[in-house]
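The block underneath contains the structure these notes are about, expressed in structure tokens.
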Amino acid sequence: MSLLEVKNLSVHDTRTGLTIVKNLSFSLEANTCLGVAGESGCGKSMTAKAILGLTSPWLQVTGEILFDGKNLLKESKKSLRKIRGQRICMILQDAMTSFNPLYTIGKQMIETFRENLGVRKKEAVQLSLEALEKMCIHNPEQVMEKYPHQLSGGMLQRCMIAIALTMKPDIIIADEPTTALDCINQREVVEEFKRLRELTGTALLFISHDLGVVQYLAENIIVIRNGESVEYGNAEEVFAKPSHSFTKYLIDTRVSLAESFQQSMLRRV
């Protein structure tokens, strides 16, 4: 039985009359990674927001989002808050704007753990330190005293992953978590996601336009274009033999860019 099953999900903008997401269907099994790929603006992030009930009031969401025997589209706001805080966590692409700039990282971690796990402050502090250590962050006490603007994008992403790790959710939705990072930090953050899965067995819904990252992390993949699914299946098979021309275009483009980069580096040497 699937951990998360999305059936005929559609998101319609009542102000403009546009349909942003059109009849998407996919499933996420326990302890697996589903990669959601596609160009910018194709509806990847909107799909994630619809799953968590975070869409704007003027957006009409239809279909079914089945989690733990419940259709999330029919759950109350109170019920969804509990699911978002404890069962399904989301890691956003811009870590800097995900933290409140007025409070230290430690204060925000402690409040998150106290609110969602029901622990006392002393235990929340210890959980925060342990979580940062698991992310291979040196001097976690000092990091907890920092404000968001005092940390790099890669470090902030690690802090977000540390919070998600401690919550021990069933599912983590990572929405373009490497987009705002340089190539060194991108690699390190991707490795942290891989390690997180190995440590916890948490299922991962990884949204990215970077096919290289998706290929590295995901067992299955869904490719979205203009709000519609154009390819869905085993990632290894899709990358080896894509059935849709758009998927083939994305793969060929990535290969071409990689070859051009390698040739330019060789010329410099």
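Computed from the coordinates by the stated procedures, all read-outs in this text should not be read as laboratory data. On a predicted model such as this, the values are computed, not experimentally measured, just so you know. Quick reminder, even Gly has a Cβ in these numbers, built from the backbone with ideal geometry, and neighbours come from all protein chains shown.
Points worth noting:
- For segment 4-264, with +1 on Lys and Arg beta carbons and -1 on Asp and Glu, the positive-most of Ile91, Ile224, Asn71 along the dipole: Asn71
- Estimated from helices alone, the mean residue ellipticity of the chain at 222 nm is -13500 deg cm²/dmol (sum of -39500 (n - 2.57) over DSSP H runs with n ≥ 4, per residue).
- Length-normalised contact order of the chain in % [C-alpha pairs under 8 Å, at least 6 apart]: 25
- Rounded to the nearest angstrom and listed largest first, the equivalent-ellipsoid semi-axes of segment 81-187 from its Cα gyration tensor are 20, 17, 12.
- Summing charges over neighbours of Pro140, with a neighbour being any other residue whose Cβ is under 11 Å away from its Cβ, gives -1 when K and R count +1 and D and E count -1.
- Here the Karplus curve 6.51 cos²θ - 1.76 cosθ + 1.60, taken at θ = phi - 60°, turns the phi angles of segment 7-22 into couplings of 10, 6, 6, 9, 10, 10, 8, 6, 7, 9, x, 8, 9, 7, 10, 10 Hz, with x standing for Gly and Pro.
- Calculated from backbone phi, Karplus (6.51, -1.76, 1.60) coupling profile of segment 33-45 in Hz, x at Gly/Pro: 10, 9, x, 10, 10, x, 6, 4, x, 8, x, 5, 5
- The order of Arg158, Arg15, going from fewest to most other C-beta atoms within 10 Å of their C-beta, is Arg15, Arg158.
- Charge-dipole axis of the chain as Lys and Arg at +1 and Asp and Glu at -1 on Cβ define it, positive-most pick from Ile137, Ile105, Ala37: Ile105
- Counting only residues at least eight positions apart within a chain, or on another chain, the lysines with an alpha carbon under 16 Å from that of Lys168 are Lys82, Lys134, Lys194.
- Nearest-20 debye value, the chain charge dipole, Cβ charges on Lys, Arg, Asp, Glu: 700
- Taking the DSSP beta bridges with both ends in the chain, the antiparallel portion is around 55 percent.
- Computed over the chain, the alpha-carbon pair-distance distribution with 5 angstrom bins reads 1, 6, 12, 16, 18, 16, 13, 9, 6, 2, 1, 0, 0, each value a whole percent.
- Going by neighbour counts of Cβ atoms within 10 Å, the residues Ser25, Ser45, Ser208 line up, fewest first, as Ser25, Ser45, Ser208.
- Val223, Val61 arranged by Cβ crowding within 10 Å, fewest neighbours leading: Val61, Val223
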